[in-house]
Amino acid sequence: MNNPWMDVSVPIDSRMHGWPENPPTFVSMHLGTAKGDVCNVSAIQISSHAGTHMDSPFHFLPGAPTLDDIPWDAVIGPARVVEIRDREAIRPVELKKMRLKAGERILFKTRNSSVSWKKPAFDRDFVYIAKEGAQYLVDRGIQTVGVDYLSVGGFYKDGIETHHILLGARVWIIEGLNLSAVKPGAYDLVCMPIKLAQGDGAPARCLLRKR
Ligand SMILES: [Zn+2]
């Protein structure tokens, strides 16, 4: 059957890449028909920032909105996938060519989609949003930012700064997308984080459909 929706989320399993200081993911068969139980039931242990997930402002900012407060327009509606050529960071020099408009939902496709996810374990050298790039996105009034690895900020640089700039301006953040099969262009976006109460973040299922 024709299915125009592309799933740009990564699978959740015990081998998935995880941020080094976050709790690792464990998935196991708690009940299984293969071992004589009447049904299959998995046990899962997961970080609120595992795989494809969202960050709420509360992730870095005490007292700030949690995932309970998400305005659904931030993650349901038109979105633009843009390709970044810089192999280290997303910076104003490239962003300036994109004619970004206030209210846009922007998903960044970088070399992470083709390189980082294929590594055997967490890639510390992923492409991130430099703090100057984050400030540029805020100044343009971008509503939602999506990135194709586990953090908007870098592992070695701008990890805290980029989160503070985006979350401080109430830009909603999607992390851990895999855009390897997606061409730059205009899409419809649906991204639904699970309903973790007072969530600082939560795993999400994200779909794109060509417009
Ligand atoms: Zn984050």
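The values are calculated or read from the model by the stated rules, or taken from the named source; none is laboratory data. Note that the coordinates shown come from a computational prediction; the quantities given were computed from them, not determined experimentally. Every residue, glycine among them, receives a Cβ derived from its backbone with ideal geometry; neighbour counts consider all protein chains shown.
Among Lys131, Lys195, which is at negative phi and more than 16 Å from the ligand (Cβ to nearest atom)? Criteria check complete, one pass: Lys195.
Entry remark, segment 155-164: residues being outside any loop (DSSP other than H, G, I, E, B) and either at positive phi or within 9 Å of the ligand (Cβ to nearest atom) (or both) number 3 in total.
Residues being under 17 Å from the mean Cα position of the chain (by Cα), surrounded by 18 or more Cβ atoms within 10 Å (Cβ to Cβ) and at pLDDT 95 or above are represented in segment 92-104 by at least one member.
Only one entry in Val82, Val127, Val145 is within 24 Å of Leu61 (Cβ to Cβ), touching a Phe, Trp or Tyr at 6+ places or on another chain (Cβ under 8 Å), buried (at least 17 other Cβ atoms within 10 Å of the Cβ) and not charged (D, E, K, R), namely Val145. Of the set (1) within 15 Å of the ligand (Cβ to nearest atom); (2) over 30 Å from Arg124 (Cβ atoms), all apply to Phe60 but (2).
Just one of the listed residues (Val138, Val171, Val152) is of a type in the set (Val, Ile, Thr), closer than 20 Å to Arg99 by Cβ and within 12 Å of the ligand (Cβ to nearest atom), namely Val171. With respect to (1) assigned to a strand (DSSP E or B); (2) crowded, with 18+ Cβ neighbours inside 10 Å, the lone exception for Ala50 is condition (1).
Only a single item in (1) over 16 Å from Gly176 (Cα atoms); (2) touching a Gly at 6+ places or on another chain (Cβ under 9 Å) is not met by Gln45, and it is number (2). Listed by first and then second residue, the pairs with beta-carbon distance under 6 Å, at least 6 apart or on different chains, first residue in segment 64-89 and in contact (Cβ under 8 Å) with a residue 60 or more places away in the chain, second part of a helix (DSSP H, G or I), are Ala64/Pro57; Ala64/Phe58; Pro65/Pro57; Thr66/Phe58; Val82/Met98.
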